[in-house]
Amino acid sequence: MTTVELILLYLLIINILTFAVYGLDKLKARYHRRRISEFTLLMLAILGGSMGAWAGMYLFRHKTQHKKFKYGIPAIVLLQLSVFYIFECH
């Protein structure tokens, strides 16, 4: 496997995982169970799962009113896309 293929595989896995964790946290919220920390949710996005986080937020209608998530997740997506663009073009 090439380096690019490994990176893409990592991004696929982290985004699927992040999406699932957002869904799990929403389920826990509904049933008043112990929740997943906001730190963990944001860290998953920072570690490459930002698209999964964004999709999970809106599909599960979870954390969409919290400013940290409402503005933070799109900012992380833009930052990661910018970094990807910079490295791809050079």
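The values are calculated or read from the model by the stated rules, or taken from the named source; none is laboratory data. No experiment lies behind these values; they were computed from the predicted model shown. Heads up, the Cβs are rebuilt from the backbone with ideal geometry, glycines too, and the neighbour counts pull from every protein chain shown. Ligands, DNA and RNA are stripped out before the accessible areas are found, and what is left, the full protein with its side chains, is counted by its heavy atoms. Shrake-Rupley method; radii C 1.70, N 1.55, O 1.52, S 1.80 Å.
Distances between every pair of Cα atoms in segment 1-45, grouped in 5 Å steps from 0 to the bin holding the largest one, split as 5, 22, 22, 18, 13, 9, 7, 3, 2 percent. Checking every one of the trypsin sites (Lys or Arg not before Pro) in segment 1-64 against DSSP loop status and a limit of 12 other Cβ atoms within 10 Å picks out Arg33, Arg34, Arg61.
Over the chain, Cα pairs under 8 Å with separation of 6+ residues give a relative contact order of 29 percent.
Using θ = phi - 60° in the Karplus curve 6.51 cos²θ - 1.76 cosθ + 1.60, the 3J(HN,Hα) couplings for segment 44-59 round to 4, 5, 5, 6, x, x, 5, 5, x, 5, 4, 5, x, 4, 8, 5 Hz; x is entered for Gly and Pro. Accessible area per residue for the chain is 73 Å², calculated with a 1.4 Å probe on protein heavy atoms, without ligands, DNA or RNA.
Give the carbon-plus-sulfur fraction of the accessible surface of the chain in %, rounded to a whole number; probe 1.4 Å, heavy atoms of protein chains only.
After summing per-atom areas, the C and S share lands at 70 percent.
Using just its DSSP H runs of length 4 or more, each adding -39500 (n - 2.57), the chain gives a mean residue ellipticity at 222 nm of -24000 deg cm²/dmol after division by all residues.
If you put +1 on each Lys and Arg Cβ and -1 on each Asp and Glu Cβ, how big is the dipole of the chain around its Cα centre, in Debye rounded to 20? That gives the chain a dipole magnitude of about 780 debye.
Largest first, the three principal axis extents of the alpha carbons in the chain are 48, 28, 20 Å in whole numbers.
Can you list which of the chymotrypsin sites (Phe, Trp or Tyr not before Pro) found in segment 42-90 are DSSP loop residues with at most 15 other C-beta atoms within 10 Å?
Of the chymotrypsin sites (Phe, Trp or Tyr not before Pro), the ones in loops of segment 42-90 whose Cβ has at most 15 other Cβ atoms within 10 Å are Tyr71.
Rounded to the nearest whole Hz, the Karplus-based 3J(HN,Hα) values (6.51 cos²θ - 1.76 cosθ + 1.60, θ = phi - 60°) of segment 37-42 follow the sequence 5, 4, 4, 5, 4, 5, with x at glycine and proline.
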